[in-house]
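Working notes, beginning with the structure itself.
Each value in this text was obtained by applying a stated rule to the coordinates, not by laboratory testing. Note that the coordinates shown come from a computational prediction; the quantities given were computed from them, not determined experimentally. So basically every Cβ, Gly included, is an ideal-geometry build from the backbone, and we count neighbours across all protein chains shown.
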Amino acid sequence: MLIAGNWKMYKGPGETREFCAAFAPPDGVDVVLCPPFGSLGAGVASGHTIYAQNVHWADEGAFTGEVSTKILLELGVRGAIVGHSERRQYFGETDETVARRTVAALGHGLKVIACVGESAEERESGQTELVLRLQVESVADAAGTHSNLVLAYEPVWAIGTGKTATPEIAQEAHALIKSLLDVPVLYGGSVKPENAEELLSQPGVDGALVGGASLDVESFTAICQAAARFHS
Ligand code: PGA
């Protein structure tokens, strides 16, 4: 099981150091923290496994506001999230750019968590399967089943809303995703200590991508402990 904490645009270096010093992940679960760019160095220095929240496909160049795999590797960062729905929604990320970021990062030895998920409108209009198919196939065509690749199913309507997918909805989506690309699939969207065990108990759920509840040491530790109970 993999539990990833996506801190989004929270926690500067000071708060990162504080969190990391207080956080002791349980045995039997892989845990990664994804601080914002300015806090990556502080995270790496703590000894915890650190991923970035995005990475560019070019080795270097005139790409203001972006960061390369080479820079991340030099910092000691081990992986990156790509294609988070907030990137897709607010920063023009497309299936094509997600695929390019994924391929470049994997090619340079970074681990990748590539995010997919349907919006509320897409689900209500019966397009969930189509949307997931397009998003996953774009990554699958570009990268295939790479051992450093993990997908995250994050229904957009469940992110930061307190609405969690039912275990049945998650399981159904995970099964579809795995039938298109056979890699581990994390669930993301309002994962909390209270619902983690139920979601993680689904056979197709291989871990979680946690936003809000990863900002607090106690709640993130509780989620990691729930995951550790499924270690076999
Ligand atoms: P949330 O965010 O847990 O706050 O819903 C999940 C995510 O965006 O990765």
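Along segment 122-130 the Karplus relation, 6.51 cos²θ - 1.76 cosθ + 1.60 evaluated at θ = phi - 60°, assigns HN-Hα couplings of 5, 5, 5, 8, x, 9, 3, 4, 4 Hz to successive residues, with x for each Gly and Pro.
For the pair GLU218 and THR64, label points projected 7 Å from Cα toward Cβ lie 4.4 nm apart. For segment 51-123, applying the loop criterion from DSSP together with a ceiling of 12 other beta carbons within 10 Å to the chymotrypsin sites (Phe, Trp or Tyr not before Pro) yields PHE63, PHE91.
Amide H contacts for VAL82 (H built 1.01 Å from N in the peptide plane; partners 5 or more residues away or on another chain; cut-off under 5 Å): ILE113, ALA114, CYS115.
How much length would be gained if the chain were fully extended between GLU18 and ASN148, taking 0.36 nm per residue of separation minus their Cα-Cα distance, in nm to one decimal?
On the way: separation 130, 0.36 × 130 = 46.80 nm, distance 2.91 nm.
Full extension of this stretch gives 43.9 nm more.
Classify segment 1-42: rounded, prolate or oblate, from the alpha-carbon gyration tensor (a ≥ b ≥ c, eigenvalue square roots; a/c under 1.5 rounded; otherwise prolate if a/b is larger than b/c)?
Values: a/c = 2.81, a/b = 1.61, b/c = 1.75.
In terms of gyration-tensor shape, oblate.
Per-residue ellipticity at 222 nm computed for the chain from its helices equals -12000 deg cm²/dmol, with DSSP H segments shorter than 4 residues left out and the rest contributing -39,500 (n - 2.57).
Would you mind calculating the relative contact order of segment 134-212 from Cα pairs under 8 angstrom and at least 6 residues apart, reporting the percent as a whole number? Each step should come with its number before you reach the end.
Details: 122 pairs, mean separation 27.6, N = 79.
Rounded, it is 35 percent for segment 134-212.
Using a Förster radius of 35 Å, what is the FRET efficiency between TYR90 and LYS192 based on their Cβ-Cβ separation? Nearest 0.05, please. Each step should come with its number before you reach the end.
Values: r = 24 Å, r/R0 = 0.69.
Using R0 = 35 Å, I get an efficiency of 0.90.
Order these by the 10 Å Cβ neighbour count, fewest first: TYR10, TYR187, TYR153.
On the way: TYR10 15, TYR187 31, TYR153 28.
Lowest to highest Cβ neighbour count: TYR10, TYR153, TYR187.
A straight Cα-to-Cα reach below 16 Å connects LYS192 with the lysines LYS163, residues fewer than 8 places away in its own chain not being considered. Taking the Cα centre of each part, how many Å lie between segment 1-16 and segment 180-211? When both Cα centres are located, 18 Å separates them. Residues whose amide H comes within less than 5 Å of that of ILE3, counting only those at least five positions distant or on another chain, are ASP30, VAL31, VAL32, ALA208 (H built at 1.01 Å from N in the peptide plane). Once you have a ≥ b ≥ c as the square roots of the Cα gyration tensor eigenvalues for segment 114-201, tell me rounded if a/c is under 1.5, and otherwise prolate or oblate according to whether a/b is larger than b/c. Oblate shape, in that a/c is at least 1.5 and b/c is the bigger or equal ratio.
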